[in-house]
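Coordinate-derived values only; no laboratory data. If you're wondering where the values come from, they're calculated on a predicted model, not measured in any experiment. Cβ placement follows ideal geometry from the backbone for every residue including glycine, while neighbour counts extend to all protein chains displayed.
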Amino acid sequence: MKKIFINPTYKYFLHGGDYNPDQWQDYPEVLKDDMRLMQLANCNSMSVGIFAWAALEPEEGKYDFSFLDKAMDDIYANGGRVILATPSGARPAWMSQKYPEVNRVTENRDRRWFGVRHNHCFTSPIYREKVTQINTLLAERYKDHPALIAWHVSNEYSGSCHCDLCREAFREWLKKKYGTLRELNAQWWSAFWAHTYTDWSQIDPPSPLGERCVHGLYLDWRRFVTDQTIDFYKNEIAPLRKFTPNIPITTNFMGFSTVLDYRAFAKEVDFVSHDAYPTWKGDESDILRASEVSMRYDLNRSLKHKPFVQMECTPSNVNHHDYNKLKRPGAHMLSSMQIVAHGGDSVLYFQWRKNRGSWEKFHGAVVDHVGNENTRVFREVSEVGARLKKLDAVLGTMTESRVALISDWSNRWALDNAQGFQKNDKKVHATHSKHYHPMWKRGINTDIIGEDDDFSCYDIIIAPMLYITSDNMIDKLEQFVKNGGTLLCTYMLGMVNENDRCHLGGFPGGKLKEVFGIWNEEIDTLYPNEKNSVTFNGVTYDAVDYCEIVHAQGAEVLATYNDDFYKGMPALTVNNYGKGKAYYVTFRDNGDFTDVITERLLTECGIVSDFDGVLPCGMTAHSRTDGENLYVFLQNFSINPLETSTAHTWVTVDWKETISGEITLDSYETLILSRKI
Ligand code: GLA
Ligand code: ZN
């Protein structure tokens, strides 16, 4: 099996983070000491220049690269490498002042003033031109610099602009998609409330002052915003590609954030990079949190089905949660190894050094205001760096998953925006997490996929609340089951097409009724204090939030409701279809039923963890492989020591110790085990 490296010329785990020499130009002694401290912290990669535009171009057309020249040279001389940023995430004041068009316009059509960051127009030809100029200069200047290993384009692209240019671009996008207004009106069902459009110029993005009820419009606007951001990004990277064709390019994503469709965006980057700031609490609730965080990493790995870069995490606290608690001792090592366990080939921080002033001065950093290495956080960072140096064998290795969970941006946008059900909180993402957890706690690798992925590489696909099903999706699900796959879907399956227009002829739409052998007549939304119940294999489970009233039309009924007027109606069905099986769950549970039904699927398909021991609550085991060796990350997320055992003989990758039989993992401990396959 081929290993895949972020940059094949630098085969090391990347350890380091956001470094802002532009802010410290008046403190040469600090910049000098940074080099000494980077060595001590075992840091080898710095992301430089992310918000440095005002330093790089203090006046229009007047450039000063001196701080960056020095940083690139110093870092390289120090044995490190640079992930060089383009500065478009924040622009200089002179630009906003001189060219108001670069400032973003809100949904109320107010032009924003200079300030904050991440607030430019994605369409403005002037902003695009300014970005091209600065990026060209950066790429030309550093194209042969030996420190340069990757491009960090902009920062956490997000948000939308409602200026005239963006609105016009949206209309063009719609013309391309629908061809005719007739088709657009039909898909958006715009005859409703006399919304039929008779001219393209009548169409505007959703706004509290205008349209916010046409679901198809809302969905298309979200898609357009992704596409327009990608278009802006393509403009940004053109000079980088031209001058540095061999340097990989990324932009940092934010997990399951709904700001952009990262699955669409991932097609355009050379490797996926990701920022995450979990709210670790330091108690047993971290176990569920760890599951949620692992799912984010699995998403990022699955976006390109190869190792990803953790571009930002904090070595300790953040400053933007309601309560900015410190990471407890040991938690940083645990959470860093968790990244690697799920396919990450880096541990990079926001931020290297705490700023002296402004918004993020109290955000966690490797180097605190005290300015030396004598801090707990610095020592823990240094230990992570030392450990990463011992994991070369794992670098570039892949993750093999037989289970996949479908989580798709359009589906989430549409459901979150749907009028009906639980109007304000459909809990789509929470439901996905609930369905992911049974694999996580059993130490079973899981991919997080979407409609464009190849379904045939999985034995089990789990698709909770898959409300949007295009014809293509319906075909792919049908083929998957027909060819022997096991599919589990839940309430709200297949209600609308990709434009949020309901399927006619009964839910789930099209052939899915045959695949599952059911017809879903109604869905009951319960009040928060209400429940029904379902008995399955002699155990009774609460049914909460949603109960569908489903008729079996060929499916075997495995469980039924105990109460209300739909007592006795199916709660769980299974249908043999082709060579496979399609399970349908008609209700939401509190997690205990999800666990039991998932276990049944895993058992039927013979899917077990790559670690053979029983995993107690809080311990998990995820694996990577190079095709010859298996690397298992056995991790304890509990605040208590936990025990397990193994019948295999393993060797720890980092300390080369032999492990077999009984194993005790201290609280927050990670063992990195390897054996030949
Ligand atoms: C984001 C940004 C960083 C920084 C961190 C703070 O991820 O990309 O610039 O603001 O948040 O946690
Ligand atoms: Zn705009």
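Summary of computed values
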quantity: Sum of side-chain charges, K513 neighbourhood, beta-carbon under 13 Å (Lys, Arg +1; Asp, Glu -1); calculated: -2
quantity: Net lengthening on full extension, W189/D73 (0.36 nm per residue, minus Cα-Cα); calculated: 35.8 nm
quantity: Residue order, fewest to most beta carbons within 10 Å, for C547, C502; calculated: C502, C547
quantity: Relative contact order of the range 619-676, pairs being alpha-carbon contacts under 8 Å that are 6 or more residues apart, as %; calculated: 40 percent
quantity: Separation in nanometres of the label points that stand 7 Å from Cα toward Cβ, at K2 and R212; calculated: 4.9 nm
quantity: Positive-end residue, the range 360-500 charge dipole about Cα centroid, Cβ charges, pick of N374, P438, T399; calculated: N374
quantity: Estimated translational D of the range 403-605 in µm²/s (Stokes, Kirkwood radius over Cα pairs; 37 °C; 0.692 mPa s); calculated: 197 µm²/s
quantity: Neighbourhood net charge (9 Å Cβ-Cβ; Lys/Arg +1, Asp/Glu -1) for F271; calculated: 0
quantity: Contact order relative to length of the chain, as percent, for alpha carbon pairs under 8 angstrom and 6 or more apart; calculated: 11 percent
quantity: Cleavage-rule hits (trypsin sites (Lys or Arg not before Pro)) in the range 31-133: DSSP loop, at most 15 neighbouring Cβ within 10 angstrom; calculated: R109, R117
quantity: For the range 317-339 versus the range 490-536, the gap between their alpha-carbon centres in whole angstrom; calculated: 40 Å
quantity: Potential lengthening between K143 and A430 on full extension [0.36 nm per residue; Cα-Cα distance subtracted]; calculated: 98.9 nm
quantity: Label-to-label distance, nm, for residues given as D392 and Y27 (7 Å Cα→Cβ offset); calculated: 3.6 nm
quantity: Spatial separation of Cα centroids for the range 66-96 and the range 366-411, in angstrom; calculated: 23 Å
quantity: Cβ-Cβ FRET estimate between N374 and M35, R0 fixed at 22 Å, reported to 0.05; calculated: 0.80
quantity: Inter-label distance for D110 and Q419, nm, one decimal - labels placed 7 Å from Cα along Cα-to-Cβ; calculated: 2.7 nm
quantity: Principal axes of the range 393-452: Cα extent on each, largest first, Å; calculated: 50, 26, 18
quantity: H320/S456 FRET efficiency (R0 41 Å; Cβ-Cβ; nearest 0.05); calculated: 0.45
quantity: Range in the chain, longest, excluding exposed chymotrypsin sites (Phe, Trp or Tyr not before Pro) [loop by DSSP; at most 12 other beta-carbon atoms within 10 Å]; calculated: 114-322
quantity: Sites H648 and T136 - FRET efficiency at Förster radius 51 Å, r taken between beta-carbons, to 0.05; calculated: 0.40
quantity: Relative contact order, percent, the range 558-677 [alpha-carbon distance under 8 Å, six or more residues apart]; calculated: 18 percent
quantity: Given charges at Cβ of Lys, Arg, Asp, Glu: the chain dipole, positive-most of T136, F192, N532; calculated: T136
quantity: Radius ratio Rg over Rh of the chain, counting only Cα atoms, Kirkwood formula for Rh; calculated: 0.98
quantity: Proxy reagent accessibility, fewest Cβ within 10 Å first, across C163, C313; calculated: C163, C313
quantity: Extension reserve of the T540-S66 stretch, reckoned as 0.36 nm per residue once the Cα distance is removed; calculated: 163.7 nm
quantity: Residue-averaged [θ]222 nm for the chain, counting only DSSP H segments that reach four residues, each worth -39500 (n - 2.57); calculated: -9500 deg cm²/dmol
